[in-house]
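Peer 1: Encoded as structure tokens, here's the structure I'll be asking about.
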Amino acid sequence: MRVLWAMLLTLIVSVSSGAVVSAEESVAGLRASLGEARAVYETEPERAREIAGDAFLRFESSGLDKSLASRDLAAYKTLESTWLKLVSAMRAHAPQGEIDALEARLSGQLAAAEPQAERTSAGAVFANSLVIILREGFEAILILSAVAAALRASGHGGGRALGSGAGAALVASLVLAVAANAFGGFGRGGEALEGVTCLVAVVVLFFTSYWLISRVEGRRWQQFIRRSIERAAAEDRRGGLFLLAFLVVFREGFETVLFYQALGVEAQSVPNGAATLAAGFIVGLALLAILYGGITWFGLRLPIRQFFAVTGALLYLLAIKFAGVGIRELQEAGWLTPAPIGWLPEVAWLRDWLGVLPDLQVLIAQGALIAAVVVGIAFSRLRGAGELSDAARRAA
């Protein structure tokens, strides 16, 4: 519950930090740059790619990106994907017709994304505020409450380490958001920071999920209980829980602050806009509290074998999603070169829920996670069978 109260502080700081995101860059200016890139592509492909890439950086640094993401996350992700495809096609020296088609599609998506006063209403502000906190808080609450419930079910300590990690992450998120506001944003540095955070979280989530899934076998569960009692105060385990909570909440917290800053700009044009924004946020927190309570109540009443299997699988799926998101963020930051797979379509629900993208780097990272868990489970079962054989021989 301390995480939910800290999220309320997030809203207060976001709305009162001053204003938030300026949209100095215009959609018309970005579309003009894309038109220029398309025009010079045939004779100067490298210059065209630089123009398109620079326009993308200006979009990400202007506040228009967060404004769109706060209103329509799916449209924002689609636009980003199209932009990366355009830059990648220019780098690969694709035919002029393909460049023209991508530029036209991107220009149309930008035009549809432009903020318009008539689109903003009290109902829209409330709905957007509610959706942001639910969307950003869902994963953090799911992970932390599931792990906390598993720890309580096993009689193992660590709840305080989870709470401390989450609290530290929220403080760090607020500090970074205020700094971004003061210095006009981090540009590609912000994308890189989020990408690195995601990939580190993948490692922690993977081992946490594997740890839970490996507890499913009854004999291993008994061994785990005995060892947990012996090592209940082990600092290394608590350090891992602190790191897990910090990484998960930091990723969501930083984005939450920036999204609410962008939404705060739109709320200024609505009567009682700040109160409406706060109302959506508070209702969202109430729903997250219900989710937290439901996972805790339901989890503690499930048979421990089934609970650990379900919890481990959920965390493992989130690790797969974070891998895709992390790779995409590093591509947007310019740290990695996108490797799109032209024949593979981009499916919106796979992209939004599991981070699956038609990109070779993303699919390799996610494939490695799938292979790792298959090998890990097989090794665990073989080791368990070996232990049972040894015990049978000793009994004989």
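The values are calculated or read from the model by the stated rules, or taken from the named source; none is laboratory data. Since this is a predicted model, take the numbers as computed values, not measurements. Ideal geometry is used to build each Cβ from the backbone, glycine not excepted, and the neighbour counts take in all protein chains shown.
Peer 1: Go through the residues of the stretch 253-268 one by one and say whether even a single one is under 19 Å from L64 (Cα atoms), over 26 Å from the mean Cα position of the chain (by Cα) and at pLDDT below 80.
Peer 2: Yes.
Peer 1: Hey, does the stretch 86-101 have a residue that's touching a residue at least 60 places away in the same chain (Cβ under 8 Å) and within 17 Å of the chain's Cα centre (by Cα)?
Peer 2: No, that holds for no residue.
Peer 1: Is it fair to say W335 is assigned by TED's automatic domain parsing to the domain that holds F207 and either crowded, with 17+ Cβ neighbours inside 10 Å or part of a helix (DSSP H, G or I) (or both)? Working first, answer last.
Peer 2: Numbers: assigned by TED's automatic domain parsing to the domain that holds F207: yes; either crowded, with 17+ Cβ neighbours inside 10 Å or part of a helix (DSSP H, G or I) (or both): no.
Taking the combined requirement at face value, the residue does not satisfy it.
Peer 1: Follow-up question, since we're still on this one. Applying the selection to the stretch 46-72, what residues are outside any helix (DSSP H, G or I) and under 17 Å from the mean Cα position of the chain (by Cα)?
Peer 2: Narrowing the stretch 46-72 to residues outside any helix (DSSP H, G or I): 63, 72.
Passing the criteria: only D72.
Peer 1: Going by the conditions given, is A75 modelled with pLDDT of 80 or more, closer than 21 Å to P345 by Cβ and part of a helix (DSSP H, G or I)? Spell out how you get there, then give the answer.
Peer 2: On the way: modelled with pLDDT of 80 or more: yes; closer than 21 Å to P345 by Cβ: yes; part of a helix (DSSP H, G or I): yes.
The answer is yes for A75.
Peer 1: Something else: Based on this model, can you work out whether W353 counts as over 14 Å from T197 (Cα atoms) and part of a helix (DSSP H, G or I)? Talk me through it step by step, then tell me what you get.
Peer 2: Details: over 14 Å from T197 (Cα atoms): yes; part of a helix (DSSP H, G or I): yes.
Considered against the rule, which asks whether it is over 14 Å from T197 (Cα atoms) and part of a helix (DSSP H, G or I), W353 comes out as yes.
Peer 1: If you check every pair at least six apart or on different chains, which have Cβ atoms under 6 Å apart with a residue in the stretch 27-41 that is assigned by TED's automatic domain parsing to the domain that holds W83 first and a residue that is outside any helix (DSSP H, G or I) and surrounded by 14 or more Cβ atoms within 10 Å (Cβ to Cβ) second?
Peer 2: V27/E114
Peer 1: In the stretch 175-188, which residues are at pLDDT 65 or above and surrounded by fewer than 18 Cβ atoms within 10 Å (Cβ to Cβ)? Give the derivation first.
Peer 2: Of the stretch 175-188, the ones at pLDDT 65 or above are 175-179.
Selection gives V175, V178, A179.
Peer 1: Please verify whether the stretch 61-74 includes one or more residues that are more than 30 Å from V131 (Cβ to Cβ), not aromatic (F, W, Y) and not assigned by TED's automatic domain parsing to the domain that holds G324.
Peer 2: Here is the first cut: in the stretch 61-74, the ones more than 30 Å from V131 (Cβ to Cβ) are none.
No: the stretch 61-74 contains no residue that is more than 30 Å from V131 (Cβ to Cβ), not aromatic (F, W, Y) and not assigned by TED's automatic domain parsing to the domain that holds G324.
Peer 1: Of the conditions (1) modelled with pLDDT of 90 or more; (2) out of contact with any Pro (no Cβ under 7 Å at 6 or more places or on another chain), M90 satisfies every one except a single condition; which number is it?
Peer 2: Unmet for M90, out of (1) modelled with pLDDT of 90 or more; (2) out of contact with any Pro (no Cβ under 7 Å at 6 or more places or on another chain): (2).
Peer 1: Okay, moving on. Could you list, in sequence order, all residues of the stretch 267-292 that are touching a Ser or Thr at 6+ places or on another chain (Cβ under 7 Å) and not in a helix (DSSP H, G or I)?
Peer 2: Selection gives S269, V270.
Peer 1: Just checking, which of R71, R58 is surrounded by 22 or more Cβ atoms within 10 Å (Cβ to Cβ) and either in contact with a strand residue (DSSP E or B) (Cβ under 6 Å, 6 or more places away or on another chain) or within 17 Å of A111 (Cβ to Cβ) (or both)? Reasoning before the result, please.
Peer 2: Working: R58 fails: surrounded by 22 or more Cβ atoms within 10 Å (Cβ to Cβ).
Residue meeting the stated conditions: R71.
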